[in-house]
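Here the structure is laid out as structure tokens; the discussion comes afterwards.
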Amino acid sequence: MATKTRAKAKRKKTTVTKTARRRKTVRKTRTIRKKSAKRAPPRRAARTKAKPTVKVAAKPRPVSQREQAEPVKPPPSRPAQPTAAEQRIGVVTHYYSHLSVVAMQLEPGTTLRVGDVIHIRGHTTDFTQKIESLEVNHAPVTEVAPNDDFGLKVIEHAREHDIVYKVRS
């Protein structure tokens, strides 16, 4: 019997030590990790509904205004070609907006002088002016030739590829 009691005692001791070990592990503080933030799903573009067209009824006019209906004037249209009094002399190559200066390329056989009247015409440009200032390499000159790189002071905005005409007087 002594062997049985010893075996029981050994078993008890082992069970006691296991529970003690378990208690120790339970008593240990657990490190708490922060949960990672969940990402929001990407937003989809809102569907735009087709807006119904609203029919606007014409306002009734008084009888006195009905009689005096104004004729509709067409917008002033400019001719596609320059007038016969103009001669094409060059093309705008660059516009310096902070100076209101154009750089031009003259066509062969043409000259330009201070005091000449020019007409600059383009897609959105159409104005006439008298030449008051011509400069070659920042030096004022009175006449320029086709192979000169020169600047010309203008009164309105001009754009590249605008055509320059000399108005004959």
So GLY90, is it open to solvent by less than 70 Å² (accessible area, probe 1.4 Å), part of a loop (DSSP other than H, G, I, E, B), at pLDDT 75 or above and not polar (S, T, N, Q): no
Qualifying positions in segment 149-169 - part of a strand (DSSP E or B), within 14 Å of TYR96 (Cβ to Cβ) and open to solvent by less than 90 Å² (accessible area, probe 1.4 Å): PHE150, GLY151, LEU152
Within segment 112-148, considering residues that are under 16 Å from VAL91 (Cβ atoms) and among the polar types (S, T, N, Q), the one most open to solvent (accessible area, probe 1.4 Å): ASN147
Inter-residue pairs, beta-carbon under 6 Å, first on the phi > 0 side of the Ramachandran plot and in segment 141-169, second open to solvent by 50 Å² or more (accessible area, probe 1.4 Å), 6+ apart: none
Residue ID - nearest to HIS161 (Cα to Cα), chosen from residues in segment 100-134 that are assigned to a loop (DSSP other than H, G, I, E, B) and touching a residue at least 40 places away in the same chain (Cβ under 8 Å): GLY122
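The values are calculated or read from the model by the stated rules, or taken from the named source; none is laboratory data. Worth saying up front: this structure is predicted, and the values here are computed from it rather than measured. For neighbour counting, all protein chains shown are included, and Cβ atoms are generated from backbone atoms with ideal geometry for every residue, glycine included. What goes into the accessible areas is simple: the full protein's heavy atoms, side chains included, and nothing from ligands, DNA or RNA. Shrake-Rupley method; radii C 1.70, N 1.55, O 1.52, S 1.80 Å.
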